[in-house]
Structure formats: C-alpha cells, structure tokens
1. Sort 120-132, 230-242 for me by packing, meaning the mean count of neighbouring Cβ atoms within 10 Å per residue, highest on top.
2. Output the direction-averaged projected area (hull surface divided by four) of the convex hull of the alpha-carbon atoms of the stretch 188-254, in nm².
3. Less than 12 Å Cβ to Cβ from N116, Lys/Arg counted +1 and Asp/Glu -1: what total charge do the surrounding residues give?
4. Which net charge results for the neighbourhood of E100, defined as the other residues with beta-carbon distances under 13 angstrom from its beta-carbon, given Lys and Arg at +1 and Asp and Glu at -1?
5. May I ask which of K210/K249; K66/K104; K54/K199; K104/K211; K104/K204; K204/K249 have a Cα-Cα span longer than 28 Å here?
6. Normalised by the empirical 2.2 N^0.38 Å for globular proteins, what value does the Cα Rg of the stretch 84-160 take?
7. Suppose accessible area is computed on protein heavy atoms with a 1.4 Å probe; arrange L247, L119 from highest to lowest.
8. Using a 1.4 angstrom probe and counting only protein chains, how large is the accessible area of E226 in Å², to 10?
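The values are calculated or read from the model by the stated rules, or taken from the named source; none is laboratory data. This is a predicted model, so every value here is computed, not measured. Here the Cβ positions follow ideal geometry from the backbone for every residue, glycine too, while neighbour counts run over all protein chains shown. Only protein heavy atoms, including side chains, enter the accessible area calculation; ligands, DNA and RNA are left aside. Shrake-Rupley method; radii C 1.70, N 1.55, O 1.52, S 1.80 Å.
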Amino acid sequence: MNLRPIKRLFVAGTVVSAVLSTARKRLETQAIKSAYELPDYFTVTAHSGCNGTKDNTLESLEEAIKSGADIIEMDILDDESGTVLVTHDYEPEGVYPTFEEALKFIKERSDSVKINVDLKRSHVSFAADEIIRSLNMENRCFFTGVNEEDVQTVAPMVSIPYYINIKPSVTDIFNEEYWISVASRVNMLGGIGVNCDFKFISKKGAEILKKNSLLVSVFTPETNIELDYALTLSPDNITTRNPQYILQKRGIKK
C-alpha cells in the first residue's frame, strides 16, 4: 500500500492547523485594523448555498443578493440536449434552473452584483458565453473552474474573462519560485487572476501574483477563524458561504 498520499494529506492538515492557530493568536493580540491589509477593490463572493440555502437554486441567488455580497457564485454544466443548467452535479431526473433563467433572475433584482460562473465542464463555456452576451451581461460575469489544461478549450471560444484555478502542493505554499512560475504561466494563458483554496496559498504568494498584475481570489473559508485567516492573506476576493461575517469587517482596513 502506498502511504505517500496519506502522509501528504496528514502533513497538509498539520500545516494548515498550525497556520490557522498562529493566525488566531495573532488576531487575538493585534488590533483588527492592523490585521487586515485589504486592497480598496476587495470583494466578497457569496458562494452558492450561502447562509444555509440549497446550492444552485434561485433561493440561493436571492439570498446572495440580499446579503450585500459584491459577487454571486453559481456552478454550471450542460445536459444531454446541450441546455446549460445551474448545478454542480447532473442527474437526468433532477430539476435545475437553466443558466439563462438564473441570469435573468439576477438581472431583475440587481443592476450591479457580478456573477462568478464556475464551469464544471470546460466545453460549456462557449454556450454560456453566448447566453451572457445575449443578455448584455458581459461586464458582470467571469469564469472560474478553468484549470491550466482547460485554457485551450475555453480561451479561443469566449469573450468573458476567466480566472485560472491552481492546486499547489503542500511544499509549494511557501516556495517563492513556485509563485513566480504560476504568475508567468497564468499571464501567458490569458487569465485575469488565480483562484485557489485559501489553505494552499501564502501571503507572499499572493503578493507575488498581485505584483504580476493578477487578481487573487481564495475559496472557501467558512468558520470565523478560517475567514480571519483568509483576510490576513490580503486577497482581492474571498468566496464563502458565510458572507455576512466578512462583509461586517470589510470597512476596517489598515
């Protein structure tokens, strides 16, 4: 039995726990103002299913708008007929809002909130792009869920900007050379920024990406301590199912 993956997960959990514990102590002994160095354009994204609602439903979208979040996240993929649906996983017997229906629902209720369209199948980007443009919502939408290997499918087919998802290893988190190489690749691939699990990016990594003109979006801290730690990374965006906690603190900047 190969124990290396298990050991790697154990090490990752230990590193994350230690970092979160350190962040908590730091926040307990520092003034809130000095703990957060957020950019002026910092945004909060309400993850699908925010505030206890069911993921990828119109109810969830409405709750996200009411929360005051700057951005709403939803997952999309297509069914057998090519219809773009709002769902993370597709079951033939399931009932899902269509992507077009969801965008119209948002447009009727807000003229400013932006939409993070998380692609669960890269090829659906073309149909999604057409729907977005047909509703004149190009300036309000962007794609996530785009891995480096997906760019060759997504980039030639869409006009909507996209973040590139990265999955650093435990040894990459504090490796400056790794983040420099990521910045170079993402810029070469045409991404507007990086989308990364908050547990696998360092503040130095975020600084390097931003110095290379890339946006840094982290997901998905949920508890108060996780959100506090994510804030100390000074990202451009935090995606969470608990937007209220972070929205209350956003006005407190160094």
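1. 230-242, 120-132
2. 4.8 nm²
3. Neighbour charge sum, excluding N116 itself: -2.
4. Once all neighbours under 13 Å are counted, the net charge is -2.
5. Over 28 Å apart, Cα to Cα: K104/K211; K104/K204.
6. 1.09
7. From most exposed to least exposed: L247, L119.
8. 40 Å²
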